[in-house]
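Engineer: The structure's right below; bear with me while I get my questions together.
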Amino acid sequence: MPTTTRPGTVRHAVDRVSRFLDLVQRVLVTSIVVILSASALLLLWQVFDRLVLGQGQNWIEEYARLSLVWMTFLGAAALLREHRHLTVEYVVDKFPAPLRRWFGLAVDAAVLALLTVLLLQIPAVWASSSVLVSPSLGIPRTTLALAAFISYGIGAAYCLESIVRRVLDMDPVRRIATDDATETSGI
Amino acid sequence: ACTSTSGDAGSGGSHELILGATSAGGSLEVQALQRWADAVAERSDDRLTVTILADGQLGSELETQEAIINGDVHGVSGGVTGVPELDFLAAAYIFRDADHMLEVMRSDVAEPWSEAWVEQSGVEIVGVLERLPRTLTSNVRVEEPGDADGLDVRVPNTEFQIDIWEAVGATPVGIPSQEVYSALETGVVDAQENALDTAYANAVGDVQQYVTLTEHTYMPQFVGVSVAFLESLPDDLQEILRDEMRAAEEWLSAELDTAYTDILEEWESQGLEIIEPDVDAFRELMYPVTEQYAADIWGDGVLDRIQSEF
Amino acid sequence: MDIIWLLVPMIALIFARVPVAYAIGISAVAFSLLQGSNVAAVVQRSVAALDSFTLLAIPLFLLAAEIMNAAGLTRVLMDAVLSWVRNLRGGLAYANVGASMVFAGISGAAVADAAGTGRLLIPQMTRNGYSPRYAASVTASSSLISPILPPSIPLIVYGLIAQVSIGALFMAGILPAFLMAGALLLVVFATTSRDRSLPREPFSASFAARATGKALPILLLPIVIIGGLRFGYFTPTEAAAIAVGYALVCTLFYVRLPARVLGQVLQRAALTSASILIIIAFAAHVGWIMSVRGIPRSIAETLSSMTSSPQVLLLIVMVFLLVIGTFMEAIAAMLIVVPVLAPAATELGIDPVHFGVVIVMTLMLGLLTPPVGLVLYVVGEAAGLDAMKVARANVAFFLALLAATLLVALVPELALWLPGLSL
Ligand code: NA
Ligand code: NA
């Protein structure tokens, strides 16, 4: 049951922001797909290179580690928007619906608070990580921390969006990432 | 908040130095550090205590350094500093032997390098611990560089270390340290190169047949302490810290002399063959790589000075 | 023991439906703020925890299993296994266990197997006279073989925390996995052999040969992975990449995977692994806090003063983990418990490889116990049943798996014989 919102109302404005965040979500999901595909292909090539051609490529390992950090943090932000992180529902499910709604709000607020505190660490992390460089490729450790901060920033925006939509009693956002396994039939 | 001040009224407060080490708890290095800690506590009447957290409990050397910059931890002991000038000491045939290494590290040659560490993370070198030489172990008999042609060798994933082994025709493979044993056992790689004591601690002897004493690298291990922590100490405690470190360094050097023969004897009795290779032939191929990097990392003439003046 | 102020809020937040990773993060940050220590460290440690080549095996093995499921390879596999046992009473139940055993050689997580084989087998079993509860419980229990037979995501995580070779852990999981399958097959026999309502079909050698031939490339994949690891052709992370490549090549034999489906498969593998890895990231700081406080050492001292018998310690650890496993997600539990318990095990001379297999087997049992039994929810959904109903129907299978775990705990050779075998 989609809510119809009239132009000029608060809800209409929120929906416009949500449409922008839909776009952000799409970019996140596309990025992690690209990162995972690239890592899989590069690693396959590395095995071939080592076993068949007898050569080693040490940059692949560094790249692979970098990509894992980025994929995890970007993926974590994407999961926040669609409420698909691992959670324990059992206890809260036993509560009456109105109370559950308050729990939802409190959880969003708690995660938002965490992400805000972590975002405030940018200067400190920058000061202590930028001097350190990975031994082989010379990637500064800040390149890795950047992934974390992007994740916190986007995650915080998603939490705010969720809080506002809950308060205004609006529908949850559309899921961008696929959910169900799609089994092709007719083998 | 670098020091924890407990209720030790009257004695001017007590100081605790938390130091993270990457080596295993039972290793000689950690034993040396523990002796240092015990001696410091005793001589200072517990006004200064040193807590050693070994086994990489606080993470890698670089992670421990981040914690030092944050002020959660005050010291680190390990082979990697993140300072290119210091980390380059892992290159091949820089030093003739451990004494040569220690002599250079205690001279003015090393001063700009230690300053670079202070500059980078506010960590000062308070100790230079000796280690046994890096040496090749293998499942293939390696006496001269030609025997290493096409050999899959596990080396640290560092550019110059990879180039050094490519120079003798081997295929360097980067494998995480906890996988080395398994990789040697199953044959993912044929060989590994590491400090003799580290190789021994990793039980490399169980899965290798030959030890080729290339002894290409006499690499130090640095004990670094946060400058901010050192400055918070009264002068007498600083002195105790440094004095006792020198005693620990000397204890370790003596222990390593016996450890060297013990390890080789133990391996021989396990059935490994100890090979005295044609070291000059290895040096001839590896040293040019060291020279090529040395100019970039240390500047012109430094490597020559190390070779000629010490 | 001010660490209580870290652990109690963490568990409370998890029960309040805060995502597990963020519940750990919130309590770690709050604890650090209260202690007046640095919060930047939380960020740095979470980044450092993920900066690992070995962990990359997790998304790749998840991807391989997703490809299997999406391309219908799981069905081909199941048909092949079924063709050999369809003349037995309870044939579908035996096939359920057997298919999971093969699937386990490709997949590193129970959920991938429960979802993949459950979606196909539960409806088929129900149509053939099995009760939905029974179908759901066989599926749930046999999915636990996946994280024990290599590859295994929990064993990768254990290896990283305890600094133990993943290759050795993988080899150590093989015999225990067979033991689990054997125990489950015994229960299947006991529960189905006298049930005359279950259908039997005549065995046809040509049908079996055809179905097996069709599934041959898939049946070979676990052999390629395990053999490749054992004979040193590749490392665990490389094996994961090979599994992906191999599964993709397999799809060419059976069905063309449309780009859209491939995209979805990649997306799900990436998101699922992010949901596991982000827990590892936030938990890193908790492990660190405990290390700096010397908690692992004091627990090791306490435990070794209580007993000097490795068996007794293992039993204590098992009871403790069974309790933890009922209300905590397995990976999160491992991240917090292993750094604390591993030193105690080493002190008593327990081989860390053996210890890892026992810990993982015990924690995986938590997937079958409510309220946090993830597998129960997955199969419950496929069978249209409440998770609690599945759990109650599952008692016999659960006890069989528990017995297998106990046996591995008391007979270390079951885990250590294969990795110690020289070639
Ligand atoms: Na199954
Ligand atoms: Na598996």
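Engineer: Has the stretch C:32-49 got at least one residue that is more than 8 Å from chain A (Cβ to nearest Cβ), within 16 Å of ligand 2 (Cβ to nearest atom) and in a helix (DSSP H, G or I)?
Structural biologist: no
Engineer: Residues in the stretch C:136-145: is at least one more than 10 Å from ligand 1 (Cβ to nearest atom), surrounded by fewer than 24 Cβ atoms within 10 Å (Cβ to Cβ) and not in a loop (DSSP other than H, G, I, E, B)? I'd like the intermediate steps shown before the answer.
Structural biologist: Step one: list which residues in the stretch C:136-145 are more than 10 Å from ligand 1 (Cβ to nearest atom), which gives C:136-137.
With the extra rule that they be surrounded by fewer than 24 Cβ atoms within 10 Å (Cβ to Cβ), the set shrinks to none.
So far as the stretch C:136-145 goes, no, none of its residues is more than 10 Å from ligand 1 (Cβ to nearest atom), surrounded by fewer than 24 Cβ atoms within 10 Å (Cβ to Cβ) and not in a loop (DSSP other than H, G, I, E, B).
Engineer: Follow-up. Suppose we filter the stretch B:134-157 for residues that are open to solvent by 10 Å² or more (accessible area, probe 1.4 Å) and within 24 Å of B:THR186 (Cβ to Cβ); how many remain? Explain how you work it out, then say what you get.
Structural biologist: Restricting attention to the stretch B:134-157, the residues satisfying the condition of being open to solvent by 10 Å² or more (accessible area, probe 1.4 Å) are B:134, B:139-141, B:143-147, B:149-150, B:152, B:154, B:156-157.
Filter once more, so that each one left must be within 24 Å of B:THR186 (Cβ to Cβ): B:134, B:139-141, B:147, B:149-150, B:152, B:154, B:156-157.
Residues flagged as open to solvent by 10 Å² or more (accessible area, probe 1.4 Å) and within 24 Å of B:THR186 (Cβ to Cβ) within the stretch B:134-157 amount to 11.
Engineer: Check the stretch A:5-13 and report whether any residue there is surrounded by 14 or more Cβ atoms within 10 Å (Cβ to Cβ) and not in a helix (DSSP H, G or I).
Structural biologist: Within the stretch A:5-13, one or more residues are surrounded by 14 or more Cβ atoms within 10 Å (Cβ to Cβ) and not in a helix (DSSP H, G or I).
Engineer: On to the next question. Within the stretch C:181-195, can one find any residue that is within 16 Å of ligand 2 (Cβ to nearest atom) and either among the aromatic types (Phe, Trp, Tyr) or assigned to a helix (DSSP H, G or I) (or both)?
Structural biologist: Yes, the stretch C:181-195 contains at least one residue that is within 16 Å of ligand 2 (Cβ to nearest atom) and either among the aromatic types (Phe, Trp, Tyr) or assigned to a helix (DSSP H, G or I) (or both).
Engineer: Just to be sure before I move on: is C:ILE58 open to solvent by less than 10 Å² (accessible area, probe 1.4 Å) and either of a type in the set (A, V, I, L, M, F, W, C) or farther than 20 Å from C:ILE223 by Cα (or both) in the structure I sent? Step through it out loud before you land on a result.
Structural biologist: On the way: open to solvent by less than 10 Å² (accessible area, probe 1.4 Å): yes; either of a type in the set (A, V, I, L, M, F, W, C) or farther than 20 Å from C:ILE223 by Cα (or both): yes.
Considered against the rule, which asks whether it is open to solvent by less than 10 Å² (accessible area, probe 1.4 Å) and either of a type in the set (A, V, I, L, M, F, W, C) or farther than 20 Å from C:ILE223 by Cα (or both), C:ILE58 comes out as yes.
Engineer: When the residues of the stretch C:105-129 are filtered to those that are within 13 Å of ligand 1 (Cβ to nearest atom) and over 18 Å from the mean Cα position of the chain (by Cα), which remaining residue is most open to solvent (accessible area, probe 1.4 Å)?
Structural biologist: Here the residue is C:ARG119.
Engineer: Regarding C:PHE53, is this residue in contact with a Lys or Arg (Cβ under 8 Å, 6 or more places away or on another chain) and aromatic (Phe, Trp, Tyr)? Give the steps one after another, and end with the answer.
Structural biologist: Numbers: in contact with a Lys or Arg (Cβ under 8 Å, 6 or more places away or on another chain): yes; aromatic (Phe, Trp, Tyr): yes.
Yes; evaluated as a whole, the condition is true for this residue.
Engineer: Can you list the helices (runs of 4 or more DSSP H) lying wholly within the stretch C:287-359 that have 1 or more residues being surrounded by 22 or more Cβ atoms within 10 Å (Cβ to Cβ)?
Structural biologist: C:310-327, C:330-347
Engineer: With the requirement that a residue be surrounded by fewer than 24 Cβ atoms within 10 Å (Cβ to Cβ), closer than 26 Å to A:LEU146 by Cβ and among the β-branched types (Val, Ile, Thr), what does the stretch C:1-55 give you?
Structural biologist: Within the stretch C:1-55, C:ILE26, C:VAL29, C:VAL39, C:THR54 meet the criteria.
Engineer: Does any residue of the stretch C:159-172 turn out to be within 16 Å of ligand 1 (Cβ to nearest atom), open to solvent by 10 Å² or more (accessible area, probe 1.4 Å) and touching a residue at least 24 places away in the same chain (Cβ under 8 Å)? Before the answer, list the steps.
Structural biologist: Residues of the stretch C:159-172 that are within 16 Å of ligand 1 (Cβ to nearest atom), as a first pass: none.
Within the stretch C:159-172, not a single residue is within 16 Å of ligand 1 (Cβ to nearest atom), open to solvent by 10 Å² or more (accessible area, probe 1.4 Å) and touching a residue at least 24 places away in the same chain (Cβ under 8 Å).
Engineer: Of the residues B:GLY205, B:GLY224, which single one is touching a residue at least 60 places away in the same chain (Cβ under 8 Å), surrounded by fewer than 22 Cβ atoms within 10 Å (Cβ to Cβ) and not hydrophobic (A, V, I, L, M, F, W, C)? Walk me through how you get there before you give the answer.
Structural biologist: Values: B:GLY224 fails: surrounded by fewer than 22 Cβ atoms within 10 Å (Cβ to Cβ).
Exactly one residue qualifies, and that residue is B:GLY205.
Engineer: Please work out which one of (1) more than 16 Å from ligand 2 (Cβ to nearest atom); (2) within 12 Å of the chain's Cα centre (by Cα) is the condition C:ALA135 fails and give its number.
Structural biologist: (2)
Engineer: If C:GLY116 satisfies all but one of (1) within 16 Å of ligand 2 (Cβ to nearest atom); (2) among the small types (Gly, Ala, Ser); (3) assigned to a loop (DSSP other than H, G, I, E, B); (4) farther than 20 Å from C:LEU179 by Cβ, what's the number of the condition it fails?
Structural biologist: (3)
Engineer: Can you name the helices (runs of 4 or more DSSP H) wholly within the stretch B:47-105 that have at least 1 residues being more than 18 Å from B:GLY122 (Cα to Cα)?
Structural biologist: Working: elements: B:61-70, B:84-87, B:98-105.
Output list reads B:98-105.
Engineer: So, one more: Does any residue of the stretch C:80-98 turn out to be more than 17 Å from C:VAL265 (Cβ to Cβ), within 14 Å of chain A (Cβ to nearest Cβ) and more than 10 Å from ligand 1 (Cβ to nearest atom)? Show your work before the answer.
Structural biologist: The initial filter retains those residues of the stretch C:80-98 that are more than 17 Å from C:VAL265 (Cβ to Cβ), namely C:80-98.
With the extra rule that they be within 14 Å of chain A (Cβ to nearest Cβ), the set shrinks to C:80.
With more than 10 Å from ligand 1 (Cβ to nearest atom) added as a condition, the list becomes C:80.
Yes, there is a match, as at least one residue in the stretch C:80-98 is more than 17 Å from C:VAL265 (Cβ to Cβ), within 14 Å of chain A (Cβ to nearest Cβ) and more than 10 Å from ligand 1 (Cβ to nearest atom).
Engineer: Take the stretch A:96-111 and flag every residue that is surrounded by 13 or more Cβ atoms within 10 Å (Cβ to Cβ) and more than 10 Å from chain C (Cβ to nearest Cβ).
Structural biologist: Within the stretch A:96-111, the subset surrounded by 13 or more Cβ atoms within 10 Å (Cβ to Cβ) is A:100-101, A:103-111.
Across the stretch A:96-111, the qualifying residues are A:ARG101, A:LEU105, A:ALA109.
Engineer: Which residues, taken from the stretch B:158-178, are away from chain C (no Cβ under 14 Å) and assigned to a loop (DSSP other than H, G, I, E, B)?
Structural biologist: B:THR158, B:VAL168, B:GLY169, B:ALA170
Engineer: Restrict the check to the stretch C:239-258 and report whether at least one residue is touching a Ser or Thr at 6+ places or on another chain (Cβ under 7 Å) and open to solvent by less than 20 Å² (accessible area, probe 1.4 Å).
Structural biologist: Among the residues of the stretch C:239-258, not one is touching a Ser or Thr at 6+ places or on another chain (Cβ under 7 Å) and open to solvent by less than 20 Å² (accessible area, probe 1.4 Å), which makes the answer no.
Engineer: Before we move on, is C:THR212 surrounded by fewer than 21 Cβ atoms within 10 Å (Cβ to Cβ), assigned to a helix (DSSP H, G or I) and in contact (Cβ under 8 Å) with a residue 60 or more places away in the chain?
Structural biologist: Working: surrounded by fewer than 21 Cβ atoms within 10 Å (Cβ to Cβ): yes; assigned to a helix (DSSP H, G or I): yes; in contact (Cβ under 8 Å) with a residue 60 or more places away in the chain: yes.
In short, yes.
Engineer: Sticking with this one: Of the numbered conditions (1) more than 12 Å from chain A (Cβ to nearest Cβ); (2) open to solvent by less than 10 Å² (accessible area, probe 1.4 Å), B:SER23 satisfies every one except a single condition; which is it?
Structural biologist: Answer for B:SER23: the failing condition is (2).
Engineer: Condition first: among the aliphatic types (A, V, I, L, M) and open to solvent by 30 Å² or more (accessible area, probe 1.4 Å). Now tell me which residues in the stretch A:112-136 satisfy that.
Structural biologist: Of everything in the stretch A:112-136, those that are among the aliphatic types (A, V, I, L, M) and open to solvent by 30 Å² or more (accessible area, probe 1.4 Å) turn out to be A:LEU112, A:ALA113, A:VAL117, A:LEU119, A:LEU120, A:ILE122, A:ALA124, A:ALA127, A:VAL131, A:VAL133.
Engineer: Working only within the stretch A:57-76, note down all residues that are farther than 25 Å from B:TRP165 by Cα and within 7 Å of chain C (Cβ to nearest Cβ).
Structural biologist: First pass over the stretch A:57-76, keeping only residues farther than 25 Å from B:TRP165 by Cα: A:66-76.
Of everything in the stretch A:57-76, those that are farther than 25 Å from B:TRP165 by Cα and within 7 Å of chain C (Cβ to nearest Cβ) turn out to be A:LEU68, A:VAL69, A:MET71, A:THR72, A:GLY75, A:ALA76.
Engineer: Still on this structure, please answer the following. Does any residue of the stretch C:90-99 turn out to be within 15 Å of ligand 2 (Cβ to nearest atom) and open to solvent by 10 Å² or more (accessible area, probe 1.4 Å)?
Structural biologist: Kept after step one, since they are within 15 Å of ligand 2 (Cβ to nearest atom), are these residues of the stretch C:90-99: C:97-99.
After this cut, where a residue has to be open to solvent by 10 Å² or more (accessible area, probe 1.4 Å) as well, the list is C:98.
Yes, the stretch C:90-99 contains at least one residue that is within 15 Å of ligand 2 (Cβ to nearest atom) and open to solvent by 10 Å² or more (accessible area, probe 1.4 Å).
Engineer: Among the residues of the stretch B:47-87, which ones are within 14 Å of chain A (Cβ to nearest Cβ) and of a type in the set (Ser, Thr, Tyr)?
Structural biologist: The answer is B:SER60, B:THR64, B:THR81.
Engineer: Name, by its number, the condition in (1) among the small types (Gly, Ala, Ser); (2) surrounded by fewer than 21 Cβ atoms within 10 Å (Cβ to Cβ); (3) closer than 27 Å to A:TYR63 by Cβ that does not hold for B:SER232.
Structural biologist: B:SER232 satisfies every listed condition except (3).
Engineer: Look at C:MET68 and say whether it is open to solvent by 10 Å² or more (accessible area, probe 1.4 Å), hydrophobic (A, V, I, L, M, F, W, C) and within 16 Å of ligand 1 (Cβ to nearest atom). I'd like the intermediate steps shown before the answer.
Structural biologist: Working: open to solvent by 10 Å² or more (accessible area, probe 1.4 Å): no; hydrophobic (A, V, I, L, M, F, W, C): yes; within 16 Å of ligand 1 (Cβ to nearest atom): yes.
It is false that C:MET68 is open to solvent by 10 Å² or more (accessible area, probe 1.4 Å), hydrophobic (A, V, I, L, M, F, W, C) and within 16 Å of ligand 1 (Cβ to nearest atom).
The values are calculated or read from the model by the stated rules, or taken from the named source; none is laboratory data. If you're wondering where the values come from, they're calculated on a predicted model, not measured in any experiment. Methodologically, a virtual Cβ is constructed for each residue, glycine included, from the backbone with ideal geometry; neighbour enumeration extends over all protein chains shown. To get the accessible areas, we keep the full protein, side chains included, count just its heavy atoms, and leave off ligands, DNA and RNA. Shrake-Rupley method; radii C 1.70, N 1.55, O 1.52, S 1.80 Å.
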